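Worksheet: one structure, shown below.
The values are calculated or read from the model by the stated rules, or taken from the named source; none is laboratory data. Note that the structure is a prediction, hence the values are computed from the model and not measured. Cβ coordinates were reconstructed from backbone atoms using ideal geometry, including for glycine residues, and neighbour counts include every protein chain displayed.
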Amino acid sequence: MHDNLGHRGLRLDVRSANKHRTRGEATNKLRRLSGDEIAALVNCAAAGDEHAWDALVRRFDGMIKAIAGAHRLAHADVHDVSQATWLKLLEHIDDLKAPERVGGWLANTSTGS
């Protein structure tokens, strides 16, 4: 009776929603998050929530790589910039004064990597 019941009893059918999408298409259609939602993800990631960290990476890694790629870096170097940027966030996540603006922080940090 509880099959496919999600949060608050909403009926979920993830299979049909994602049936014809590739992974790239699914990540390109991420819902826009409010500043409060982004701040919540950052705060949860800072507290060790792996799912929140993964959500941040899914949301912002493409941006980081696009910024690095705009500097005409080789593919391997773009990957290195991405890794260095995420490492810096991991090291400084507790120091963010405005966690809802983590996207800007990541953009600025990626240009300095």
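The table for this structure:
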read-out	value
Test: residue in region 81-93 that is of a type outside the set (F, W, Y), in contact with a Cys (Cβ under 7 Å, 6 or more places away or on another chain) and at negative phi	no
Unmet requirement for R23, which otherwise passes all of (1) modelled with pLDDT under 90; (2) closer than 14 Å to S110 by Cβ	(2)
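Every residue, every condition in (1) in contact with a strand residue (DSSP E or B) (Cβ under 6 Å, 6 or more places away or on another chain); (2) farther than 14 Å from W105 by Cα; (3) free of Cβ contacts under 8 Å to residues at least 40 places away in the same chain; (4) not in a helix (DSSP H, G or I), yes or no:
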site: A45; (1), (2), (3), (4): no, yes, no, no
site: A52; (1), (2), (3), (4): no, yes, yes, no
site: G62; (1), (2), (3), (4): no, yes, yes, no
site: I67; (1), (2), (3), (4): no, no, no, no
site: A76; (1), (2), (3), (4): no, yes, yes, no
